């Protein structure tokens, strides 16, 4: 992987990790366009830049994460993680297979986009504006929605949890923020597991020559994610999700056309 390829992928991850447009889909679709072939190092690189993007949430909402007086906040995140952990363990082979199916990912992008076009109208009576009002049962249901992104790669973990939050009457802003909060323990655990799996089978990927590329990718992903989160919260609070729905549909269709043309 060249520095230019690393830079582009890190920017893509930083922008898309917390937007409801699927970072997984974007990286899987971008790799062939950038002539990046899957390897132990590229897998490790994706884990590192994802961890860096997740760390941006902790920085932005640091007061929330160190408010030890609000112990319920941490327990809600644990409860919401349970469905994803269970499905992640039970469906590992299926998930690995689905992640390599670009046609499936593109179709899920389109379907998810259609849902986002109407989500603001479907859930228009949103009354919960504070995290303290989220009950454990609501947190668990949001976690069940999050697990849909495991079953359907390309759906977007962010999109799934935001839809889940709005279904439980969370405002668009709070649904997005709770999605960010939930990403920290969920994606941290998944990333560490992926990191260990790659390193265990290919310890040579942690080589001196690779560290600089990993460092550049991590720093870029972190700072881009900071900007993306601030933009997203401001935008959806005022405008809703239709823009992201149309974007998903256009990208999914475009990539299906690209793949079909390539086959021809």
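Coordinate-derived values only; no laboratory data. Just so we're clear, the structure is a prediction, and the values are computed from it rather than from any experiment. Cβ: placed from backbone, ideal geometry, glycine included. Neighbour counts: every protein chain shown.
The table that follows gives values for the structure above.
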{"read-out": "Residues of the range 229-245 classified as under 18 Å from the mean Cα position of the chain (by Cα), within 20 Å of residue 166 (Cβ to Cβ), touching a residue at least 40 places away in the same chain (Cβ under 8 Å) and assigned to a helix (DSSP H, G or I), total", "value": "6"}
{"read-out": "Any chance residue 202 is over 17 Å from the mean Cα position of the chain (by Cα) and under 29 Å from residue 41 (Cα atoms)", "value": "yes"}
{"read-out": "Any chance residue 224 is part of a helix (DSSP H, G or I), in contact with a helix residue (DSSP H, G or I) (Cβ under 6 Å, 6 or more places away or on another chain) and touching a residue at least 12 places away in the same chain (Cβ under 8 Å)", "value": "yes"}
{"read-out": "Exclusive hit being crowded, with 21+ Cβ neighbours inside 10 Å, part of a helix (DSSP H, G or I) and in contact with a helix residue (DSSP H, G or I) (Cβ under 8 Å, 6 or more places away or on another chain), set 189, 160", "value": "160"}
{"read-out": "Number of the exception - residue 116 against (1) within 17 Å of the chain's Cα centre (by Cα); (2) within 25 Å of residue 61 (Cα to Cα)", "value": "(2)"}
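Matching residues to (1) in contact with a helix residue (DSSP H, G or I) (Cβ under 7 Å, 6 or more places away or on another chain); (2) surrounded by 15 or more Cβ atoms within 10 Å (Cβ to Cβ); (3) in a helix (DSSP H, G or I):
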site: 55; (1), (2), (3): yes, yes, yes
site: 77; (1), (2), (3): yes, yes, yes
site: 85; (1), (2), (3): no, yes, yes
site: 104; (1), (2), (3): yes, yes, yes
site: 110; (1), (2), (3): yes, yes, yes
site: 113; (1), (2), (3): yes, yes, yes
site: 124; (1), (2), (3): no, no, no
site: 138; (1), (2), (3): no, yes, yes
site: 142; (1), (2), (3): yes, yes, yes
